[in-house]
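The values are calculated or read from the model by the stated rules, or taken from the named source; none is laboratory data. From a predicted model like this one, the values you see are computed outputs, not experimental measurements. Heads up, the Cβs are rebuilt from the backbone with ideal geometry, glycines too, and the neighbour counts pull from every protein chain shown. Surface areas here come from the heavy atoms of the whole protein model, side chains and all, with no ligands, DNA or RNA. Shrake-Rupley method; radii C 1.70, N 1.55, O 1.52, S 1.80 Å.
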Amino acid sequence: MNSRNIEKHNTYHREHRQKLRLETLMHYSNGTMTCACIGCGINEPRFLTLDHIQPQHLTEKPILAKSFALYGGLKRYGYPEGIQVLCMNCNHAKGHKLEACPVHNP
């Protein structure tokens, strides 16, 4: 594969991954692409993440993929329930078992 074809290949896959990520965020935020944390309102896609509402080890079928494999897996399984969209700050606060995100609820 020459360098021109490699660049086309990489561009195609980068655009495909971005489209799949945005599609998944839109689905799990009911079309608003906004953090689910009450009072947050972050809607910049670069700062949004997917969050398991319950810890993965408590769900029947944990989805163990990471990053873009996760987005493809969620789509392949028909976007199963138990996922929400959070901004990185709210997701991190939840992961550390804080009662509220200190950035949005000081």
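Against the condition in contact with a Pro (Cβ under 8 Å, 6 or more places away or on another chain), modelled with pLDDT of 85 or more and buried (at least 17 other Cβ atoms within 10 Å of the Cβ), how does Ala93 come out, does it pass? Steps first, please.
Details: in contact with a Pro (Cβ under 8 Å, 6 or more places away or on another chain): yes; modelled with pLDDT of 85 or more: yes; buried (at least 17 other Cβ atoms within 10 Å of the Cβ): yes.
For Ala93, the condition - in contact with a Pro (Cβ under 8 Å, 6 or more places away or on another chain), modelled with pLDDT of 85 or more and buried (at least 17 other Cβ atoms within 10 Å of the Cβ) - is met.
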Query raised in the report: Does Glu81 count as part of a loop (DSSP other than H, G, I, E, B), open to solvent by 100 Å² or more (accessible area, probe 1.4 Å) and modelled with pLDDT of 85 or more?
Result: yes
Query raised in the report: For region 56-63, does any single residue satisfy the condition of being under 19 Å from Arg21 (Cβ atoms) and either at pLDDT below 80 or not in a helix (DSSP H, G or I) (or both)?
Result: yes
Query raised in the report: Do any residues in region 1-12 that are surrounded by fewer than 10 Cβ atoms within 10 Å (Cβ to Cβ) have Cβ atoms under 9 Å from those of residues that are at pLDDT 85 or above, where the two are at least six apart or on different chains, and which pairs are they?
Result: Met1/His9
Report summary line: Inside region 13-26, the number of residues satisfying the requirement of being surrounded by 14 or more Cβ atoms within 10 Å (Cβ to Cβ) and out of contact with any helix residue (DSSP H, G or I) (no Cβ under 8 Å at 6 or more places or on another chain) is 1
Requested in this report: State all residues of region 27-53 that are open to solvent by less than 50 Å² (accessible area, probe 1.4 Å), within 24 Å of Gly73 (Cβ to Cβ) and outside any helix (DSSP H, G or I); if no residue qualifies, say none.
Outcome: Ser29, Gly31, Met33, Thr34, Cys35, Leu48, Thr49, Leu50, Asp51
